[in-house]
Amino acid sequence: VQSQAEIMQGDQGYSRKHATKDVASYYFSVPAVVFEGTVTINGENIEVSGKGWVDREWSTQALSDDQRGWDWFSLQLDDGQSLMVVQVRSEQGPYRFGSLTAADGSTRTLDHDDINMVPTSFSKMPTGRHLPTEWQIQIADVDMTITTSPVNANNWLPFAFPYWEGPINVLGSSTGVGFMEATGY
């Protein structure tokens, strides 16, 4: 059951992914969906329910030639707000964008200058590389400074397009839960 309207990310769904090149997608999110169901574990049925996040994105290409990967966060905050922020990393530095949705469903698009993201802790992946798994995220003009930490830092997925993905906790000026995805490490 959808409990909040869809958010058209970027400019009415057109979501730029690069500061100077024509790399973009059509992208929408539904940050507040109520889920109910049954999970069967060892033959035992367990009723479950909770709030989830659904999004869809279509693009002609994931990254431009100079981009290496991204760090993406979808957060459900305890005060009813939802925050989506992403940075696409390139040789020229990160390109950031996102949205902040109030409990009433009103949404504000966030541009690069609205968002500050700094990794605060790294975890070693099976590839031998170190991946940032804890972050500090700031949205300065709303006095939001939060830190994210993974529920399980060992969420490396060695698929054809390897990436880290998993649930996270949020603490700081706002608290809550969310999901993080990181590629290109």
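Below is a table of values for the structure above.
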quantity: The range 142-154, subset open to solvent by less than 40 Å² (accessible area, probe 1.4 Å) and over 15 Å from the mean Cα position of the chain (by Cα), residue modelled with the lowest pLDDT; calculated: A153
quantity: Subset tally (residues that are outside any strand (DSSP E or B) and among the hydrophobic types (A, V, I, L, M, F, W, C)) for the range 156-185; calculated: 3
quantity: Count - residues of the range 81-136 that are surrounded by 14 or more Cβ atoms within 10 Å (Cβ to Cβ) and of a type in the set (D, E); calculated: 2
quantity: Pairs with Cβ under 6 Å, 6+ apart, first in the range 107-134 and closer than 16 Å to R89 by Cα and at pLDDT 95 or above, second assigned to a strand (DSSP E or B) and among the aliphatic types (A, V, I, L, M); calculated: I115/V85; M117/I137
quantity: Pairs, first touching a residue at least 40 places away in the same chain (Cβ under 8 Å) in the range 32-47, second part of a strand (DSSP E or B) and hydroxyl-bearing (S, T, Y), C-beta under 8 Å, six or more apart; calculated: A32/S82
quantity: Residues of the range 157-173 satisfying the condition of being within 16 Å of the chain's Cα centre (by Cα) and not aliphatic (A, V, I, L, M); calculated: Y163, W164, E165, G166, P167, N169
quantity: Filtered residue count, the range 164-175, keeping only those that are open to solvent by 10 Å² or more (accessible area, probe 1.4 Å) and touching a residue at least 24 places away in the same chain (Cβ under 8 Å); calculated: 5
quantity: Number of positions in the range 61-75 that are in a loop (DSSP other than H, G, I, E, B), open to solvent by less than 30 Å² (accessible area, probe 1.4 Å) and not charged (D, E, K, R); calculated: 1
quantity: Single residue of the range 40-60 satisfying the filter (under 20 Å from the mean Cα position of the chain (by Cα) and open to solvent by less than 80 Å² (accessible area, probe 1.4 Å)) that is farthest from W72 (Cα to Cα); calculated: G50
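The values are calculated or read from the model by the stated rules, or taken from the named source; none is laboratory data. Computed from a predicted structure; not experimentally measured. FYI the Cβ positions are ideal-geometry reconstructions off the backbone, even for glycines, and counts take in every protein chain you see. We work out accessible area using only protein heavy atoms, side chains counted, and drop any ligands, DNA or RNA first. Shrake-Rupley method; radii C 1.70, N 1.55, O 1.52, S 1.80 Å.
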